[in-house]
Amino acid sequence: MTQILIPLKQHVGAPCKGIVKAGEMVKRGQLVAEPNGLGANIHSSFSGKVVDVSEESVVLMIDEEQDFSRYLPIPETDTMIKAVEEAGVVGAGGAGFPTFLKLSCEISKGTFIANGAECEALLVHNVKQMNEHIDQLIRGMKYCMEMVKAPKGVIAVKGKHRQLVTRLIKAVDTETAIDVHQLPDIYPAGDERMIVREVMDIVLEPGQLPTEVGAVIDNVETIKRIAEAIEDRKPFIDKDVTVSGRVKQKETVFVDVPIGTPVKTLINNVGGYVEPHGEIVIGGPMTGRSGEETTPITKTSGGVLVAMPFPQEHRKVGLLICECGGSAERMTEIVNNMGAEVVAAERCKRMVEVNGRYRCALPGICPGQAKTVMSLKKQGAEVVMTGSCSD
């Protein structure tokens, strides 16, 4: 028998509160945790016996035989947005903001945008989904447009995916309210503020929300989960994941991986590691975090990337910090794993403080950093590490 860990924090806000007890038998799709403040419902993605419930997770001893084609449906609801809430849908391409809250607005003169940018390198599951399920994407967009009362919808996708763009344009040819917008192949094309700038030609101020200019944006997998909740009464219990890097079968997409599945299971399913290998990164290469073989897939796990071993570096390192790439904590972790020392840190000159948080003034438009680099050098840095700057 195998133990599976279902984290109780798969979204922004506080961890959910478990509503099951040790010794209880649960079925796939059963509600096991409810929000404790800002959050979203969490359902079991496996059938089995509850072993432990803590503040961090529900641990299951899962049944030997699992039927992943079946699940307990969410309750019937009077509205589509209530179905989204019951299903525990959160942003599948970002921090995991509860989707029903995002859709609880009205933009009667605005635009609903399907974010298909998939801007981080190596990740390909959103493109695969759009290629194979265009009809579901369009249906999901229509549900979202109806919920926020948006008269217009736009599918935002990188123009480099020429065949996909052609298929999308053809698919919306008879959809008078939906268009396709081709994004540039730059990072971070999936940032909401950059998408608003590219699609609507509006520059959002740091800290300004898309709804303030009549836009609501959801990742294309989030839209998939919205459609499943409305059409199939399916809770958010499965996740699409790209596995790549130092593995034998690169850029493999796993569709509908049950949440809680250990990442080592996916690595084994692509033939295992290519040696030598380094750390496992959960997410994309720019903003992902370090994981372990036992790390469970969650609602926001977009990628499982196996890296090269860390190169060894003994020169003193200065950090150039930006909002769009790796955090100071993540870059410091990498420097330490390289055997080096961080001696200085500076923020990109685009960053401005808004409500106690530093934000990028113009995501995707990187400035020259000569002055910042010189400052790091004066503080003793011999080399510079940065999250994403193109200069």
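Of these, GLU205, GLU228, which one is surrounded by fewer than 16 Cβ atoms within 10 Å (Cβ to Cβ), acidic (Asp, Glu) and farther than 12 Å from THR111 by Cα?
On the way: GLU228 fails: surrounded by fewer than 16 Cβ atoms within 10 Å (Cβ to Cβ).
From the options GLU205, GLU228, the qualifying one is GLU205.
Could you tell me which residue of region 211-225 is nearest to GLY110 (Cα to Cα), considering only residues that are open to solvent by 10 Å² or more (accessible area, probe 1.4 Å) and in contact (Cβ under 8 Å) with a residue 60 or more places away in the chain?
Narrowing region 211-225 to residues open to solvent by 10 Å² or more (accessible area, probe 1.4 Å): 211-214, 219, 224.
If we keep only those that are in contact (Cβ under 8 Å) with a residue 60 or more places away in the chain as well, we get 211, 213-214, 219, 224.
Values: THR211: 9, VAL213: 8, GLY214: 4, ASN219: 17, LYS224: 22 Å.
Selected residue: GLY214.
Of (1) touching a Phe, Trp or Tyr at 6+ places or on another chain (Cβ under 6 Å); (2) surrounded by 19 or more Cβ atoms within 10 Å (Cβ to Cβ), VAL12 satisfies all except one. Which?
(2)
Identify, by number, the condition in (1) among the aliphatic types (A, V, I, L, M); (2) assigned to a helix (DSSP H, G or I); (3) modelled with pLDDT under 95 that ILE195 doesn't meet.
Evaluating ILE195 over (1) among the aliphatic types (A, V, I, L, M); (2) assigned to a helix (DSSP H, G or I); (3) modelled with pLDDT under 95 leaves (3) as the failure.
Hey, could you check region 39-53 for residues that are more than 21 Å from VAL255 (Cβ to Cβ) and in contact with a Leu (Cβ under 8 Å, 6 or more places away or on another chain) and say which is surrounded by the most Cβ atoms within 10 Å (Cβ to Cβ)? Reasoning before the result, please.
Taking region 39-53 as the starting set, the residues that turn out to be more than 21 Å from VAL255 (Cβ to Cβ) are 39-41, 48-53.
Add one more test, that the residue is in contact with a Leu (Cβ under 8 Å, 6 or more places away or on another chain), and what stays is 41, 48-51.
Numbers: ASN41: 23, GLY48: 21, LYS49: 15, VAL50: 20, VAL51: 16.
Step by step, filter region 39-53, then rank; the result is ASN41.
I want to confirm something. Restricting to region 353-383 and keeping residues that are aliphatic (A, V, I, L, M), open to solvent by 60 Å² or more (accessible area, probe 1.4 Å) and more than 23 Å from the chain's Cα centre (by Cα), which single residue is modelled with the lowest pLDDT? It would help to see each step written out before you state the result.
We begin by selecting, within region 353-383, every residue aliphatic (A, V, I, L, M); these are 354, 361-362, 365, 370, 373-374, 376, 381, 383.
Still in the running and open to solvent by 60 Å² or more (accessible area, probe 1.4 Å): 365, 370, 374.
Of the ones still in play, those that are also more than 23 Å from the chain's Cα centre (by Cα) are 370, 374.
Working: ALA370: 91, MET374: 95.
The extreme case among them is ALA370.
Just to be sure I understand, how many residues within region 328-344 are open to solvent by 50 Å² or more (accessible area, probe 1.4 Å) and over 30 Å from GLN249 (Cβ atoms)? Explain how you work it out, then say what you get.
Going residue by residue through region 328-344, those that are open to solvent by 50 Å² or more (accessible area, probe 1.4 Å) are 329, 333, 336-337, 341.
Retained after the next criterion (residues that are over 30 Å from GLN249 (Cβ atoms)): 329, 336, 341.
Total meeting the criteria: 3.
Given ASN36, ASN41, which one is touching a residue at least 12 places away in the same chain (Cβ under 8 Å) and within 16 Å of PRO73 (Cα to Cα)? Walk me through how you get there before you give the answer.
Numbers: ASN36 fails: within 16 Å of PRO73 (Cα to Cα).
The match here is ASN41.
How do the pairs read when you match residues in region 363-382 that are under 19 Å from GLU323 (Cβ atoms) and in contact (Cβ under 8 Å) with a residue 60 or more places away in the chain with residues anywhere that are of a type in the set (A, V, I, L, M) and surrounded by fewer than 19 Cβ atoms within 10 Å (Cβ to Cβ), using Cβ under 7 Å and keeping only pairs 6 or more apart or on different chains?
Listed pairs, sorted by first residue: GLY364/ILE186.
Can you find even one residue in region 184-194 that is over 18 Å from the mean Cα position of the chain (by Cα) and either in contact (Cβ under 8 Å) with a residue 24 or more places away in the chain or farther than 30 Å from VAL274 by Cα (or both)? Let's see the steps before the verdict.
Taking region 184-194 first, the residues over 18 Å from the mean Cα position of the chain (by Cα) are 184-185.
Pick out the ones that are also either in contact (Cβ under 8 Å) with a residue 24 or more places away in the chain or farther than 30 Å from VAL274 by Cα (or both) and you get 184-185.
Scanning region 184-194, I find at least one residue that is over 18 Å from the mean Cα position of the chain (by Cα) and either in contact (Cβ under 8 Å) with a residue 24 or more places away in the chain or farther than 30 Å from VAL274 by Cα (or both), so the answer is yes.
Only strands (runs of 3 or more DSSP E) wholly contained in region 262-340 count here; list those with 1 or more residues that are modelled with pLDDT under 95.
Values: elements: 280-282, 289-291, 303-306, 316-321.
The qualifying strands (runs of 3 or more DSSP E) are 289-291, 316-321.
If a residue has to be open to solvent by less than 10 Å² (accessible area, probe 1.4 Å) and of a type in the set (Phe, Trp, Tyr) to count, how many in region 231-256 make the cut? Let's see the steps before the verdict.
Narrowing region 231-256 to residues open to solvent by less than 10 Å² (accessible area, probe 1.4 Å): 235-244, 247.
Within this subset, residues satisfying the condition of being of a type in the set (Phe, Trp, Tyr) are 236.
Count: 1.
Taking region 268-323 only, how many residues are open to solvent by 20 Å² or more (accessible area, probe 1.4 Å), under 17 Å from the mean Cα position of the chain (by Cα) and within 22 Å of VAL342 (Cβ to Cβ)?
Here the count works out to 6.
The values are calculated or read from the model by the stated rules, or taken from the named source; none is laboratory data. Note that the structure is predicted; figures quoted are calculated from it, not measured. Cβ atoms come from the backbone with ideal geometry, glycine included; neighbour counts cover every protein chain shown. Note: areas computed on protein heavy atoms with side chains; ligands, DNA, RNA excluded. Shrake-Rupley method; radii C 1.70, N 1.55, O 1.52, S 1.80 Å.
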